[in-house]
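Asker: Got a structure here, written out as structure tokens. Questions coming.
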């Protein structure tokens, strides 16, 4: 993503929610104190960088995000991480099956080569890592993945609830038993992958 100013980030966020919007709608959203020229310049820059696209002609022109791949759609990391894990908006209410159609072309050849190099460096560093520290990192990853995966499927456990369930087997009050089972199923699946990583490598998944 190219370096953008705050107004341009706001335009992208607005179009992400609105889908398509006219110049007047964008102007109203940003605030009428901004000059028309300033807004047109921002919109023109986003068009030039192929971040947004326009639809229609003349006064009927509207703008929307150009990416057809939701994985590659814009997100402002600074604004995203200002919110706590439980306050962040979930993009999809359930697992998005379209991800499998998008994955094959998500990385360029050069990017794949760089990933392989960095992955090999990671493996070497992990082998030298203190065993106690390594287990703590695996536990942290397991808790966060179990929580986020369950949340995507509609689970209402918080991250703290999930940590208490996995580490101390304490179920959160006011939640269905099925939610605890779902989280533990995710946890068990992640444990299985870590414990059988050599078998998964044979399937050429990594």
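Asker: Among the residues of segment 171-184, are any assigned to a loop (DSSP other than H, G, I, E, B), surrounded by 10 or more Cβ atoms within 10 Å (Cβ to Cβ), modelled with pLDDT of 85 or more and out of contact with any helix residue (DSSP H, G or I) (no Cβ under 8 Å at 6 or more places or on another chain)?
Answerer: yes
One line per residue, one yes/no per condition, for (1) exposed (fewer than 14 other Cβ atoms within 10 Å of the Cβ); (2) in the same structural domain as residue 59 (by TED's automatic domain parsing); (3) without any contact (Cβ under 8 Å) to a residue 12 or more places away in the chain; (4) closer than 13 Å to residue 63 by Cα:
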position: 14; (1), (2), (3), (4): no, yes, no, yes
position: 17; (1), (2), (3), (4): yes, yes, yes, yes
position: 23; (1), (2), (3), (4): no, yes, no, yes
position: 28; (1), (2), (3), (4): yes, yes, yes, no
position: 37; (1), (2), (3), (4): yes, yes, yes, no
position: 40; (1), (2), (3), (4): yes, yes, no, yes
position: 43; (1), (2), (3), (4): no, yes, no, yes
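Asker: Residue check: is residue 61 loosely packed, with under 10 Cβ neighbours inside 10 Å, modelled with pLDDT under 90 and either at positive phi or more than 21 Å from the chain's Cα centre (by Cα) (or both)?
Answerer: no
Asker: Follow-up question, since we're still on this one. Within the set of pairs 6+ apart or on separate chains, which have a first residue in segment 139-161 that is on the phi > 0 side of the Ramachandran plot and free of Cβ contacts under 8 Å to residues at least 40 places away in the same chain, a second that is assigned to a loop (DSSP other than H, G, I, E, B) and surrounded by 15 or more Cβ atoms within 10 Å (Cβ to Cβ), and C-beta atoms under 6 Å apart?
Answerer: none
Asker: Of everything in segment 166-181, what is over 18 Å from residue 141 (Cβ atoms) and touching a residue at least 24 places away in the same chain (Cβ under 8 Å)? Give them in sequence order.
Answerer: Listed by number, the list holds a single entry, 179.
Asker: Any residue at all in segment 89-105 that's modelled with pLDDT of 80 or more and loosely packed, with under 10 Cβ neighbours inside 10 Å?
Answerer: So far as segment 89-105 goes, no, none of its residues is modelled with pLDDT of 80 or more and loosely packed, with under 10 Cβ neighbours inside 10 Å.
Asker: Checking residue 167 against (1) in a helix (DSSP H, G or I); (2) surrounded by 13 or more Cβ atoms within 10 Å (Cβ to Cβ), only one condition comes out false. Which one?
Answerer: (2)
The values are calculated or read from the model by the stated rules, or taken from the named source; none is laboratory data. Keep in mind that what you see is a predicted model, and the values were worked out from it rather than measured. Neighbour counts run over all protein chains shown; Cβ positions are idealised from the backbone, glycine included.
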